[in-house]
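The block underneath contains the structure these notes are about, expressed in structure tokens.
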Amino acid sequence: MDILTLVGLLAGVVIVLLAMLANASISTFLNLPGLAIVLGGTFAVTLIKFRLPTVASAFRLAAKTVFTDRLPRPSSLILEVGELGRMVRKEGILGLEEHEASDEFLKKAITLCVDGHPPELVEEALLQESQQIAERYDVAERVFRGIGESAPAIGMLGTLIGLVQMLNTLDDPSSIGPAMAIALLTTLYGAFLAQLIALPLAEKLQLKAEDDARNQMLIITSIKSIMRGENPRVMTEFLSSYLPPEHRNGLAPEKEA
Amino acid sequence: MDILTLVGLLAGVVIVLLAMLANASISTFLNLPGLAIVLGGTFAVTLIKFRLPTVASAFRLAAKTVFTDRLPRPSSLILEVGELGRMVRKEGILGLEEHEASDEFLKKAITLCVDGHPPELVEEALLQESQQIAERYDVAERVFRGIGESAPAIGMLGTLIGLVQMLNTLDDPSSIGPAMAIALLTTLYGAFLAQLIALPLAEKLQLKAEDDARNQMLIITSIKSIMRGENPRVMTEFLSSYLPPEHRNGLAPEKEA
Amino acid sequence: MDILTLVGLLAGVVIVLLAMLANASISTFLNLPGLAIVLGGTFAVTLIKFRLPTVASAFRLAAKTVFTDRLPRPSSLILEVGELGRMVRKEGILGLEEHEASDEFLKKAITLCVDGHPPELVEEALLQESQQIAERYDVAERVFRGIGESAPAIGMLGTLIGLVQMLNTLDDPSSIGPAMAIALLTTLYGAFLAQLIALPLAEKLQLKAEDDARNQMLIITSIKSIMRGENPRVMTEFLSSYLPPEHRNGLAPEKEA
Amino acid sequence: MDILTLVGLLAGVVIVLLAMLANASISTFLNLPGLAIVLGGTFAVTLIKFRLPTVASAFRLAAKTVFTDRLPRPSSLILEVGELGRMVRKEGILGLEEHEASDEFLKKAITLCVDGHPPELVEEALLQESQQIAERYDVAERVFRGIGESAPAIGMLGTLIGLVQMLNTLDDPSSIGPAMAIALLTTLYGAFLAQLIALPLAEKLQLKAEDDARNQMLIITSIKSIMRGENPRVMTEFLSSYLPPEHRNGLAPEKEA
Amino acid sequence: MDILTLVGLLAGVVIVLLAMLANASISTFLNLPGLAIVLGGTFAVTLIKFRLPTVASAFRLAAKTVFTDRLPRPSSLILEVGELGRMVRKEGILGLEEHEASDEFLKKAITLCVDGHPPELVEEALLQESQQIAERYDVAERVFRGIGESAPAIGMLGTLIGLVQMLNTLDDPSSIGPAMAIALLTTLYGAFLAQLIALPLAEKLQLKAEDDARNQMLIITSIKSIMRGENPRVMTEFLSSYLPPEHRNGLAPEKEA
């Protein structure tokens, strides 16, 4: 998932840059004061709307989503927890200690199990952890939607300022074109920031929150099953019934076994 | 349904093409860089928002809806399951094996019955299948709505870029018109993509999801009735009470019989 | 209701026509290719979104609403069912047979009673009929809202096409004005279709669905009361308590009686 | 409340008039055909959407809100019903007969009590009255929101008509400015009607419906308490606990008494 | 929180001012009649929509949020109520009297406890207080959203008025530019007021209402626990389980103790 988010971000930027450079130099499209208005204004508005730690946490979460974070697929998670179930059957709960979990949340679940907490407490702690992760995604999505709403508005404000300045100095007709071009740049920056970065990221954070929540429910269900000492095969079969058929391939043999 | 979706798509394209060619050659409206910005930019944004397999699955589902897929009408489905009910009465469940079902979902339901699974398991499997189909429609609709929102915005971005380039080269007055025309083309492409293709397809996918879900409930209800060995005539009468009166024509005689 | 809907439609058209003809001939505003783009494009999009029978049924329902259909007022309905109650008391259920009902739904209810069906079955049949009528209104409203959303967008597309054509032929300055006027006409057609016809009709269909549902509940309630042989005076009093006070005039004497 | 609504309406009109007259005569902004398009077109659309009696009732309710209607404050209502409670304790229910109620709804409540209806019937009648008042507010709000949506659209239609007329008569360059000014006037009328009158009135009707409903619940609660013969002091204390602290001033002494 | 809200407001204003002054004097952007239209018109509309006391209370709440108000962090609140719990264990309820609470709501809670009211009454009074605070935030948010919707519309109205005036006096071409610049200023004022002040404040009031409600629930929960004489350590542990892990630092030692 992460790779394509990054690819999408870069592709959008490259396409727009190529379009710009096709008939003009980059300096035509670079207006530092205009950029300062849009970025600074949007940041100022974001500071009023949210708190600084909230904004920082939203950017960290988005960066993680774009650059490093990879959610395990539900089917590989099911295989992994099936494996864990077999380990517990052979070596007891403590056998989990050496397992290298592919997922942060699963790692936390294993630690809680190995620490010997009672099942209800493990479940409650995982549910609360899951809810706090969901809230963090939600507030990050709100921050990026907020940016996606403010940036075009601030860009339009910049264009209005530029137009007013231009209209007051109509003496030199040859300057009208470039002055208007510069005035339009802030609208361009705002639309770029909103449409190619902030709004798509907000949408992706929402989708990723849904996927993550699904994985977490799957982990909580399986950990409860493992702590109750249920048959790993039955557990795998039960979990895989929640997958769409095309994702059950790797899991099929165990069902027949 | 499929035929008219395709007719609608083609009619929209043809009408717009005729309008374009009425007073100009096609080359006036063909600007490959502009097309690349709109298509490439929209695709980049879609990659950020969704995952590649999700996008691919949305396009497959839309293509199926437009080109090949035809939902059976509820009234013909009722006739068909009534027929199945009579076959089971005569030849037992295994008599269904030779039936050529008109619908994928009905085919799956028959296979589950013939395989000898208990009724509750058949129902649960069909309900889960139905829910996964609904989720696939839902995500496909979100993809096309996403395209319908991004394409005009990217088109406007392209027009802004074109305007800025034009305004910086106002020396030759005779070039203003064509340059502005080219700048407007990306807005035109974006509006075309959104209004004549992406948004109507999203709407159609939503309506088809509703129709499909209704058919699936009808099939699940009738399969349960057949497995319980109920009278096919009673079942047909019960099912047809959910149809609007004008669709009950073919079913009337059985009610009186 | 119908009369004023028709008056409103005609008044809107006449006002716009007068405004057009005040300073120009009708030929200024008549552009057949432009009209073809807007009507054809909107129809193509509507075909993609909905199915042909759905669209046809929406237009039939709207035409009925505008031209012929008149909902009886709740107060006159209450008087009518009170009359029916007295007839049943005097002559039995079969006394209803000669009654000329002022409303389709009431006619169906009387037929069901006279046919001798048991009360529960009559009620269930009427409730199902009522729900199907509600669904038909709902889908018709969706069709007209869809037209109201697509028409302005298609109109804008036509204007963009016209602008691009005009900008490529700026040689003759005297042709700019009329060419631009023609380009604007599709936007005008789209806005006219959406704002003066499609969207108001969608709103009216929604309101009429609410009024119709209220009448139908009133009829179902009163038919149940009549079949239970309740006192018509008590029934009238009970029903009229759901009317706003200013509509109870004709019903008052019976309350005191 | 009413006074400031009227002040707000007049202030908005005066501010806009002053802005118009600052640099031009009123005749510049008065275009009777344009005014006829916007007012007539909006009225025609409103006639299609709603029924004439509904529209008339919405205007009556809005006029009442602006010119004459004054809702009593909850705190003065609590004092008044406390007074009523004491009167009933001293002189019985019939003692209420001479009380001049400050509120229509309270007057109706007192009449119902004095007429000797049983408490449940009084409560039910008041609840039904309250619901019908709420529905009247709701439909009035819908009418004004409808006007607020249609007026700018009709205004834009008028501007499009004016532009097309102007573009067809570009021969005389000196007429372009005034012709375009006239074309813009319909947009100005539509925006004025929507933003300074219809939409704020819709918002105010919504808020007033909320306040009125709160007063009515307070009256119903207190009338029930009075008919049960409860201690007026306890009732006052109970009712005042629903007020924000800053509005309890006048009620404090009775709490301590 | 407050500091950064103020910083954001000032930063937005400064950025826009710098952008204005970069190429023009401030007089270019100062048009007192235009400012009067936007501020006066928006105020007039706000007066129609809301009542004067409501508007005044909304501004007071916003000013408090921006300039003086600081919500305590949940973690420091937990430490504080833990301290209170220990004080009550040592010195009884009256020991709270000398505590300087960091929060208005906590101060009120302590006063209610010290006054000797029974626990249920304290809880009910605090819940009602909490709900009234929530309503005050809600109405303040509605006022600022209302301003954020009206200001750009009034600004556009002012620009239309300016354009009409300008178009009627096209005689002097050199005056077109400045006249149009002045016409655009009202749109600029409206966008500025809405995008940099009113809408962000509305958003912040909404977020602060959520934070405040969370703090109030925490205080109510802890006061109930203290009045029941529960172990302060158990209470702290219970309360801290609702914090995200990164905020539990200062609370950890007590858990282990």
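The values are calculated or read from the model by the stated rules, or taken from the named source; none is laboratory data. On a predicted model such as this, the values are computed, not experimentally measured, just so you know. Glycine gets a Cβ as well: all are built from the backbone with ideal geometry, and neighbour counts include every protein chain shown. Each accessible area value is taken on the protein alone, full model and side chains, heavy atoms only, with ligands, DNA and RNA left out. Shrake-Rupley method; radii C 1.70, N 1.55, O 1.52, S 1.80 Å.
Among the residues of region A:162-176, how many are assigned to a helix (DSSP H, G or I) and free of Cβ contacts under 8 Å to residues at least 24 places away in the same chain?
9
Residues B:Ala151, B:Ala202, B:Ala179: which one is without any contact (Cβ under 8 Å) to a residue 40 or more places away in the chain, farther than 30 Å from B:Gly92 by Cβ and among the small types (Gly, Ala, Ser)?
Values: B:Ala151 fails: without any contact (Cβ under 8 Å) to a residue 40 or more places away in the chain; B:Ala202 fails: without any contact (Cβ under 8 Å) to a residue 40 or more places away in the chain.
After applying the criteria, what remains is B:Ala179.
Residue by residue through region A:113-133, note down the ones that are surrounded by 15 or more Cβ atoms within 10 Å (Cβ to Cβ), touching a residue at least 60 places away in the same chain (Cβ under 8 Å) and aliphatic (A, V, I, L, M).
A:Val122, A:Leu126, A:Ile133
Give the residues of region A:77-112 that are touching a residue at least 60 places away in the same chain (Cβ under 8 Å), within 22 Å of the chain's Cα centre (by Cα) and outside any loop (DSSP other than H, G, I, E, B), sorted by residue number.
Listed by number, the residues that qualify are A:Leu77, A:Phe105, A:Leu106.
On the basis of being farther than 30 Å from D:Leu163 by Cβ and within 28 Å of the chain's Cα centre (by Cα), does D:Thr46 make the cut?
Numbers: farther than 30 Å from D:Leu163 by Cβ: no; within 28 Å of the chain's Cα centre (by Cα): yes.
Criteria not met by D:Thr46.
If I go through region B:31-42 residue by residue, how many of them are more than 7 Å from chain A (Cβ to nearest Cβ) and buried (at least 18 other Cβ atoms within 10 Å of the Cβ)?
Residues that pass the stated criteria total 4.
Where the second residue is of a type in the set (Lys, Arg) and not in a helix (DSSP H, G or I) and the first is within 7 Å of chain D (Cβ to nearest Cβ) and lies in region C:1-24, which pairs have Cβ atoms under 7 Å and are six or more apart or on separate chains?
Listed by first residue and then by second, the contacts come to C:Met1/C:Arg70; C:Met1/D:Arg51; C:Leu4/D:Arg51.
Given the condition among the aromatic types (Phe, Trp, Tyr) and open to solvent by less than 10 Å² (accessible area, probe 1.4 Å), answer yes or no: does some residue in region B:45-67 qualify?
Yes, region B:45-67 contains at least one residue that is among the aromatic types (Phe, Trp, Tyr) and open to solvent by less than 10 Å² (accessible area, probe 1.4 Å).
Evaluate region B:206-228: report whether one residue or more is modelled with pLDDT of 85 or more and more than 30 Å from B:Leu96 (Cα to Cα).
Checked region B:206-228: at least one residue is modelled with pLDDT of 85 or more and more than 30 Å from B:Leu96 (Cα to Cα).
I need a count of the residues in region C:122-141 that are more than 14 Å from C:Ile226 (Cβ to Cβ) and either not assigned by TED's automatic domain parsing to the domain that holds C:Phe238 or not aliphatic (A, V, I, L, M) (or both).
11
Within region C:43-67, can you find the residues that are within 14 Å of chain B (Cβ to nearest Cβ), in contact (Cβ under 8 Å) with a residue 60 or more places away in the chain and either at positive phi or not basic (Lys, Arg) (or both)?
Passing the criteria: C:Val45, C:Thr46, C:Phe50, C:Thr54, C:Val55, C:Ser57, C:Ala58, C:Leu61.
Every residue, every condition in (1) within 14 Å of chain A (Cβ to nearest Cβ); (2) within 30 Å of E:Thr28 (Cα to Cα); (3) modelled with pLDDT of 90 or more, yes or no:
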position	(1), (2), (3)
E:Asp69	yes, no, no
E:Asp115	no, no, no
E:Pro118	no, no, no
E:Glu135	no, no, no
E:Asp138	no, no, yes
E:Pro152	yes, yes, yes
E:Ala179	yes, yes, no
E:Ile182	yes, yes, no
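Is it fair to say A:Arg136 is more than 30 Å from E:Asn23 (Cβ to Cβ), in contact with a Pro (Cβ under 6 Å, 6 or more places away or on another chain) and open to solvent by 30 Å² or more (accessible area, probe 1.4 Å)?
Criteria not met by A:Arg136.
From (1) more than 10 Å from chain B (Cβ to nearest Cβ); (2) under 30 Å from the mean Cα position of the chain (by Cα); (3) not basic (Lys, Arg), pick out the condition that doesn't hold for A:Thr169.
It fails just one condition, (2).
Is it the case, given these coordinates, that E:Leu207 is within 14 Å of another protein chain (Cβ to nearest Cβ), of a type outside the set (S, T, N, Q), in contact (Cβ under 8 Å) with a residue 40 or more places away in the chain and open to solvent by less than 30 Å² (accessible area, probe 1.4 Å)?
no
Take the residues in region D:231-242 that are part of a loop (DSSP other than H, G, I, E, B) and closer than 14 Å to D:Ile78 by Cβ; name whichever of them is most open to solvent (accessible area, probe 1.4 Å).
D:Tyr242
Filter region D:16-30 for residues that are outside any helix (DSSP H, G or I) and either surrounded by 15 or more Cβ atoms within 10 Å (Cβ to Cβ) or among the basic types (Lys, Arg) (or both) and give the result.
Across region D:16-30, the qualifying residues are D:Asn23, D:Ala24.
I'm told D:Val13 meets every condition in (1) open to solvent by less than 40 Å² (accessible area, probe 1.4 Å); (2) at pLDDT 85 or above except one. Can you identify the failing condition by its number?
(1)
Taking C:Ile197 as the residue in question, decide whether it is at pLDDT 90 or above, open to solvent by less than 10 Å² (accessible area, probe 1.4 Å) and within 26 Å of the chain's Cα centre (by Cα). Spell out the reasoning first.
Working: at pLDDT 90 or above: yes; open to solvent by less than 10 Å² (accessible area, probe 1.4 Å): no; within 26 Å of the chain's Cα centre (by Cα): yes.
The answer is no for C:Ile197.
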